[in-house]
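Scroll down for the structure; my scribbles are underneath it.
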Amino acid sequence: MVVIKKITKYGDINGVIDFLALGVEDIFGRVLTGFYLTGSLTYGDFEPGRSDIDLAAVLEAPSNPEQIERIEKLHQAAEQKFKQWAGRIECSYIPRAMLAEVLPPKEPRPYFGAGIFYPAADYGNEWLINRHFLYQNGVTIIGPDFKTLAAPVEIKDLKEACIRDLRREWVPKINDEKFLANSHYQSYVVLNLCRILYAIANGDAVSKKVAADWAKEKYPQFANLIQTAQAWHYGIEMDRRLETAEFIRFAVNVNESGFQIL
């Protein structure tokens, strides 16, 4: 049985991590290579009113049907036990062999996010961006340091991943009125665009806060929108759908660091 340290400064979040770590270890046993905390909690960008708890399990082999069924039950139990974080826990179950992939792996994996369990979720173009942050900032809960499992992400590959993410993930949202009507998604899109633009311009990936502060100075015409996105939290309305769509259009036409985004 693992003994979980005080991974974060938030007691209730440590309880979530402890519960899931013990459950994941019980489900996978020796097949579990490592269990990691990633995302905003690991690079000083966490906001209790808006941020998620991001986790990743690395496995020696793909999950079998019995394990997948148990993963779903584990997360359902966590949602019930920690109601204050229901809908705000994310966890990806990644076969170790996939860590060598630069492009999004073709084989799906189990994923839990926004209160929904996906037995076979496809990887999106954020794959390499997320792997970069896991490599740079991931906190080990169980197993070895993540840096011993994967190589660092090359800056060229990171930039190209950001451009793919912009083209394939965010451009289709311009005309998705239902998606952009959601205040959470408006904030999420705006802050992700700031990080994408920063990475393309500066050849580095930084926290959403750092990227947003940079973007407010770099693109003052969108400073108010970005500030509103930063200030958003659950329980309030953002109501900036048209401006969010315009920010996506703007990002698509930015030319930074030799990359023409069209």
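The values are calculated or read from the model by the stated rules, or taken from the named source; none is laboratory data. This one's a predicted model, so the numbers in the text were calculated from it and none came from an experiment. Every residue, glycine as well, gets a Cβ built from its backbone with ideal geometry; the counts of neighbours run over all protein chains shown. Each accessible area value is taken on the protein alone, full model and side chains, heavy atoms only, with ligands, DNA and RNA left out. Shrake-Rupley method; radii C 1.70, N 1.55, O 1.52, S 1.80 Å.
List of remarks:
- Answer residue from the range 132-163, given it is at pLDDT 95 or above and either touching a Pro at 6+ places or on another chain (Cβ under 6 Å) or among the charged types (D, E, K, R) (or both) and is least open to solvent (accessible area, probe 1.4 Å) among those: Y135
- Residues being acidic (D, E), loosely packed, with under 13 Cβ neighbours inside 10 Å and out of contact with any strand residue (DSSP E or B) (no Cβ under 7 Å at 6 or more places or on another chain) are entirely absent from the range 77-86.
- Every pair of residues 6+ apart whose Cβ atoms lie under 6 Å, when the first sits in the range 169-182 and is without any contact (Cβ under 8 Å) to a residue 24 or more places away in the chain and at negative phi while the second is hydroxyl-bearing (S, T, Y) and in a helix (DSSP H, G or I): F179/Y185
- Sole residue being over 28 Å from Y135 (Cα atoms) and out of contact with any Ser or Thr (no Cβ under 8 Å at 6 or more places or on another chain), chosen from Y198, Y219, Y188: Y219
- The range 97-130, subset small (G, A, S) and touching an Asp or Glu at 6+ places or on another chain (Cβ under 7 Å), residue surrounded by the most Cβ atoms within 10 Å (Cβ to Cβ): G113
- Only a single item in (1) closer than 22 Å to N125 by Cβ; (2) modelled with pLDDT of 95 or more; (3) not β-branched (V, I, T) is not met by A100, and it is number (2).
- Helices (runs of 4 or more DSSP H) contained in the range 169-234 and holding at least 2 residues polar (S, T, N, Q) and touching a helix residue (DSSP H, G or I) at 6+ places or on another chain (Cβ under 9 Å): 183-202, 223-231
- The residues on offer are I71, I94, and the sole one that is touching a residue at least 40 places away in the same chain (Cβ under 8 Å), among the aliphatic types (A, V, I, L, M) and crowded, with 19+ Cβ neighbours inside 10 Å is I71.
- So Y188, is it under 25 Å from V139 (Cα atoms), aromatic (F, W, Y) and open to solvent by 60 Å² or more (accessible area, probe 1.4 Å): yes
- The range 30-65 - residue that is over 12 Å from P110 (Cβ atoms) and in a helix (DSSP H, G or I) and, of those, nearest to the chain's Cα centre (by Cα): G39
- When the test is whether a residue is assigned to a strand (DSSP E or B) and over 29 Å from S207 (Cβ atoms), P119 passes it.
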